[in-house]
Amino acid sequence: MQENLIEGLLLVDKPKGWTSFDVVKKARGILGIRKIGHAGTLDPMAEGLLILMVGKATKKFDDIGRNNKEYWAKITLGNETDTYDAEGRVTKKHIGKIDLREAKLIEILKSFEGIQEQTPPKYSALKIGGVPAYKRARKGEDVKIKKREIFIEKIELVRMSLPDVYLKIVCSSGTYIRTIALDLGRKLGFGAYLSGLKRVRIGNFDIKDSVSPDKISVKELIKI
């Protein structure tokens with residue numbers, strides 16, 4: 001099939017351990033086309049919905065990328081890490097029992113909803129002076145990242161099994177769930193880090209309509 005005839009969106013369920021670009025490379029190999037991008041990077045430790053834009057559909061990046069996103073998050077209380085997730089170095093430990101009532105947690109979670117300013121993690125792909133922040137952080141540089149406005153539409157407690165809490169989060173593009181984990185831990189006074197993340201929706205696109213990387217094919221393309 002001619003490359004210029006292959007275009008559209010692919011909804012892919014990114015496995016844990018893959019980078020978002022790993023999925024792009026897989027699609028390029030299967031479809032035989034290089035013009036493929038993705039909307040909304042997922043960290044390697046995260047899994048879930050990744051939208052690939054193929055061919056002329058790459059022009060829709062801004063439209064798709066601006067959509068609200070829905071996540072299922074697992075947050076572990078008790079420690080802070082330098083990356084704000086389970087893969088980082090522990091920087092602060094809570095000594096003693098984690099005593100938390102569900103009603104108190106729900107009250108604190110409610111305070112996260114709405115428009116606010118959030119500071120992205122220094123271990124992120126955001127560029128500072130043309131260099132990804134995480135590369136500067138790994139070199140030991142004092143990384144300063146500006147706060148930016150985000151919107152959390154909804155943050156709900158799904159289950160609590162201390163030290164772990166399981167949340168459903170609906171938020172604007174550009175929101176870092178890792179930072180939510182850090183801020184939640186500090187508000188509760190125990191410290192916390194993100195220990196699991198799955199993206200289940202981007203705008204009107206749902207993970208239930210996605211395919212695994214091995215199932216990528218031309219017939220799975222969504223015309224736009």
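See the values below:
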item	result
Residue that is farthest from the chain's Cα centre (by Cα), among those in segment 107-139 that are part of a helix (DSSP H, G or I) and closer than 20 Å to Leu77 by Cβ	Glu107
All positions within segment 167-179 that are among the hydrophobic types (A, V, I, L, M, F, W, C) and in contact with a Leu (Cβ under 8 Å, 6 or more places away or on another chain)	Leu167, Ile177
Some residue of segment 1-23 being in contact with a strand residue (DSSP E or B) (Cβ under 7 Å, 6 or more places away or on another chain) and among the basic types (Lys, Arg)	yes
Scope segment 157-212; condition among the basic types (Lys, Arg) and farther than 23 Å from Gly114 by Cβ; matching residues	Arg159, Lys198, Lys208
In segment 123-135, the residues that are closer than 21 Å to Met45 by Cα and either touching a residue at least 40 places away in the same chain (Cβ under 8 Å) or surrounded by fewer than 19 Cβ atoms within 10 Å (Cβ to Cβ) (or both)	Tyr123, Ser124, Ala125, Leu126, Lys127, Pro132, Tyr134, Lys135
Close pairs (6 angstrom Cβ cut-off, 6 or more residues apart or separate chains): under 21 Å from Lys69 (Cβ atoms) in segment 138-151, part of a loop (DSSP other than H, G, I, E, B) and at pLDDT 95 or above anywhere	Ile150/Ser172; Ile150/Thr175; Phe151/Ser172
Any hit, segment 55-68, residues being within 19 Å of Ser212 (Cβ to Cβ), touching a residue at least 12 places away in the same chain (Cβ under 8 Å) and among the β-branched types (Val, Ile, Thr)	no
Lys104 out of contact with any Asp or Glu (no Cβ under 9 Å at 6 or more places or on another chain), part of a helix (DSSP H, G or I), of a type in the set (Lys, Arg) and farther than 21 Å from Met45 by Cβ	yes
Counted residues, segment 140-169 - those being in a loop (DSSP other than H, G, I, E, B) and in contact with a helix residue (DSSP H, G or I) (Cβ under 8 Å, 6 or more places away or on another chain)	2
Lone qualifier among Thr58, Thr41 - being touching a helix residue (DSSP H, G or I) at 6+ places or on another chain (Cβ under 6 Å), surrounded by fewer than 19 Cβ atoms within 10 Å (Cβ to Cβ) and either in a strand (DSSP E or B) or modelled with pLDDT under 95 (or both)	Thr41
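The values are calculated or read from the model by the stated rules, or taken from the named source; none is laboratory data. These numbers come from a predicted model, not from an experiment. Every residue, glycine among them, receives a Cβ derived from its backbone with ideal geometry; neighbour counts consider all protein chains shown.
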